[in-house]
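**Student:** I have a structure I would like to understand better, so I am pasting it below and will then ask my questions one at a time.
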Amino acid sequence: MLNSGDNPPKMTILVVDDEKDICDIIRNFLLASKYVAKIITADSALQGHQKMQNQEFDLVIADYMMQGKDGIHFIQDLKKTMKYQSTKYLLISGALRQEHILMAIRAKISDILVKPFGRKELLNKIYQMFKLSPEKSLMEGNLGDKVEEDWNYDSSWDVDLDID
């Protein structure tokens, strides 16, 4: 879990998305952060549940649209278990409609990021969730992150619901 004894704190993150390329992009975005100790990926909600049983995570990033169980129901199921209630959850999606946002609100999922997003947007969202200081070098875009450019992020689609 988030190790606050170190300077800076390090977190373990689970990324659940049935598209391997998306998992790889998110992994690349996160790897440069001094706050990230470990990133594990899962290609389904079922595999995500298995990984959650075997390891503790500070943050779970889950895609809404996956084969089998969608990200909202995956997160909702995890939140029902006492063991996972202190875990933070970020729902990501490229196809959220109003009814999906309402489902997320009812499931008490307050952090949502709409694809495509860039490294800055993802890290800013995580910094907000954990109340961390942004890493200036990562926010200035001087890593030459070609993948971020390819996604052509539109920040007007950020969804930040303050439900808690």
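**Student:** Assess whether I61 counts as being under 21 Å from K79 (Cβ atoms), assigned to a strand (DSSP E or B) and in contact with a Lys or Arg (Cβ under 9 Å, 6 or more places away or on another chain). Before you say what the answer is, go through the steps one by one.
**Tutor:** On the way: under 21 Å from K79 (Cβ atoms): yes; assigned to a strand (DSSP E or B): yes; in contact with a Lys or Arg (Cβ under 9 Å, 6 or more places away or on another chain): no.
When the stated conditions are applied, I61 does not pass them.
**Student:** Next up: Which of the residues spanning the stretch 72-117 are in contact with a Phe, Trp or Tyr (Cβ under 9 Å, 6 or more places away or on another chain), exposed (fewer than 13 other Cβ atoms within 10 Å of the Cβ) and either under 18 Å from T12 (Cβ atoms) or of a type in the set (K, R) (or both)?
**Tutor:** Answer for the stretch 72-117, where residues must be in contact with a Phe, Trp or Tyr (Cβ under 9 Å, 6 or more places away or on another chain), exposed (fewer than 13 other Cβ atoms within 10 Å of the Cβ) and either under 18 Å from T12 (Cβ atoms) or of a type in the set (K, R) (or both): there is none.
**Student:** Can I40 be described as at pLDDT 95 or above, under 17 Å from P116 (Cβ atoms) and not in a helix (DSSP H, G or I)?
**Tutor:** On the way: at pLDDT 95 or above: yes; under 17 Å from P116 (Cβ atoms): no; not in a helix (DSSP H, G or I): yes.
When the stated conditions are applied, I40 does not pass them.
**Student:** Another question, if that's okay. In the stretch 98-132, what count of residues is obtained for those that are of a type in the set (D, E, K, R), out of contact with any strand residue (DSSP E or B) (no Cβ under 7 Å at 6 or more places or on another chain) and outside any loop (DSSP other than H, G, I, E, B)?
**Tutor:** Taking the stretch 98-132 and keeping what is of a type in the set (D, E, K, R), we get 99, 106, 108, 111, 115, 119-121, 125, 131.
Narrowing the set further to residues that are out of contact with any strand residue (DSSP E or B) (no Cβ under 7 Å at 6 or more places or on another chain) leaves 99, 106, 108, 119-120, 131.
Keeping just the survivors that are outside any loop (DSSP other than H, G, I, E, B) gives 99, 106, 119-120.
Going through the stretch 98-132 one residue at a time, the tally reaches 4.
**Student:** Hey, any hits in the stretch 17-26 for a residue that's touching a helix residue (DSSP H, G or I) at 6+ places or on another chain (Cβ under 6 Å), at negative phi, surrounded by 15 or more Cβ atoms within 10 Å (Cβ to Cβ) and in a loop (DSSP other than H, G, I, E, B)? Full working, then the answer.
**Tutor:** Going residue by residue through the stretch 17-26, those that are touching a helix residue (DSSP H, G or I) at 6+ places or on another chain (Cβ under 6 Å) are 17, 25.
With at negative phi added as a condition, the list becomes 17, 25.
With surrounded by 15 or more Cβ atoms within 10 Å (Cβ to Cβ) added as a condition, the list becomes 17, 25.
Restricting the remaining residues to those that are in a loop (DSSP other than H, G, I, E, B) gives 17.
Looking for residues that are touching a helix residue (DSSP H, G or I) at 6+ places or on another chain (Cβ under 6 Å), at negative phi, surrounded by 15 or more Cβ atoms within 10 Å (Cβ to Cβ) and in a loop (DSSP other than H, G, I, E, B), one finds at least one in the stretch 17-26, hence yes.
The values are calculated or read from the model by the stated rules, or taken from the named source; none is laboratory data. All values reported here derive from a predicted model rather than from experimental measurement. We place every Cβ from the backbone using ideal geometry, glycine too, and count neighbours over all the protein chains shown.
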